[in-house]
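The next block holds one structure in the form of structure tokens; read it before the comments.
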Amino acid sequence: MRLLLAEDDAALAAEIAGRLGAEGYVVDISRDGEDALFQAGSGPYGALVLDLGLPLLDGVAVLDRLRAAGSTLPVLVLTARDRLADKAAAFRAGADDYLTKPFRIEELLLRLNALLRRAAGHASARIAFGDVSLDTVTGAVEREGIPVRLTALEARILAYLAMRPDQVVSRSDLTDHVYDHDSDRDFNSLEVIVSRLRRKLGAGLIETVRGAGYRLRRDGAAYALA
Ligand code: CA
């Protein structure tokens, strides 16, 4: 999942991005409000982590303009302001969740995870697709109750598809969300990784939709190819 982090404190941004990266997220950083607004409005992001105190354009103004433009991007606000009026302003502008600095990055991870899961329509942290289950908090995957070990890239691909169940996800959308750098992107290696996931999790779980991309089926079995 590719995330946008809008934070002007370079050290904090690097620390957060490092931890999110270790958890399998791909993170782009914006250092001011104008850039954040532009990136969030045009980039392929699953969520925005938005500091309120940003140069050029305040975080609340970023959020206001983003929502006015019709964006439904999940937004988690970070701020040093802990007055209720500031929190109310952020929620009125369209924030989905809120963390007051200083915070533990573990809490940011938990909140972000819940935000992404809810945005994908999953109420529970543990989601099941037929006999395959994915714990969205720990990343643990089981098939018929038996733990399955996945590589980091396999886990990223499964997690992203699991947030788009029953939808066709294009290869370019998938590469946007699982590869950190353009140079890593390669549709052939994507196909190889999906094949390995099918071997580990069952052939029917991830369907290739010819010319369009991949679809993870909520009931765990591939659509009959008509
Ligand atoms: Ca700031």
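Computed with every protein chain present, the accessible area of Leu150 is close to 40 Å² [probe 1.4 Å].
Out of the DSSP beta bridges found with both residues in the chain, what percent are antiparallel (nearest 5)?
Details: 16 of 33 bridges.
Around 50 percent of the beta bridges assigned by DSSP in the chain are antiparallel ones.
What is the stretch 63-107 by shape, rounded, prolate or oblate, if you read a ≥ b ≥ c off the alpha carbon gyration tensor as root eigenvalues and call it rounded for a/c under 1.5, prolate for a/b larger than b/c, and oblate otherwise? Oblate.
How many percent of the accessible area of the chain is carbon or sulfur, using a 1.4 Å probe?
52
Per-residue extension of 0.36 nm, minus the Cα-Cα distance of Glu106 and Asp28, leaves a gain of 26.2 nm for this segment. Restricting the trypsin sites (Lys or Arg not before Pro) of the stretch 36-119 to loop positions (DSSP other than H, G, I, E, B) with no more than 13 neighbouring Cβ atoms within 10 Å leaves Arg83, Arg104.
If one takes the longest principal axis of the Cα atoms in the chain, at what angle in degrees, from 0 to 90 and to the nearest 10, does the Cα axis of helix 10-22 lie? For 10-22 against the chain, the angle is about 20 degrees. Taking Lys and Arg as +1 and Asp and Glu as -1, the other residues whose beta-carbon sits under 11 Å from that of Arg19 total -2.
Measuring with a 1.4 Å probe in the full set of protein chains, what accessible area per residue, in whole Å², belongs to the chain?
On the way: 10710 Å² over 226 residues.
Normalised by residue count, the accessible surface of the chain is 47 Å².
Rounded is the label for the stretch 1-122, because a/c, from the alpha-carbon gyration tensor with a ≥ b ≥ c as root eigenvalues, stays below 1.5. In terms of Cα atoms, the Rg and Dmax of the chain work out to 18.2, 58 Å. A cut-off under 9 angstrom between Cβ atoms defines the neighbours of Ala125, and their net charge, with Lys, Arg +1 and Asp, Glu -1, is +1. Computed from backbone phi, the HN-Hα couplings of the stretch 118-135 come to 5, 4, 8, x, 9, 7, 9, 6, 9, 10, 10, 10, x, 8, 9, 10, 10, 8 Hz, rounded to whole numbers (Karplus: 6.51 cos²θ - 1.76 cosθ + 1.60, θ = phi - 60°; Gly and Pro given as x).
The values are calculated or read from the model by the stated rules, or taken from the named source; none is laboratory data. In this text, all values refer to a predicted model and were calculated from it rather than measured experimentally. As a convention, Cβ positions derive from the backbone with ideal geometry for all residues, glycine included, and neighbour counts pool all protein chains shown. Ligands, DNA and RNA are excluded from the accessible area calculation, which covers all protein heavy atoms including side chains. Shrake-Rupley method; radii C 1.70, N 1.55, O 1.52, S 1.80 Å.
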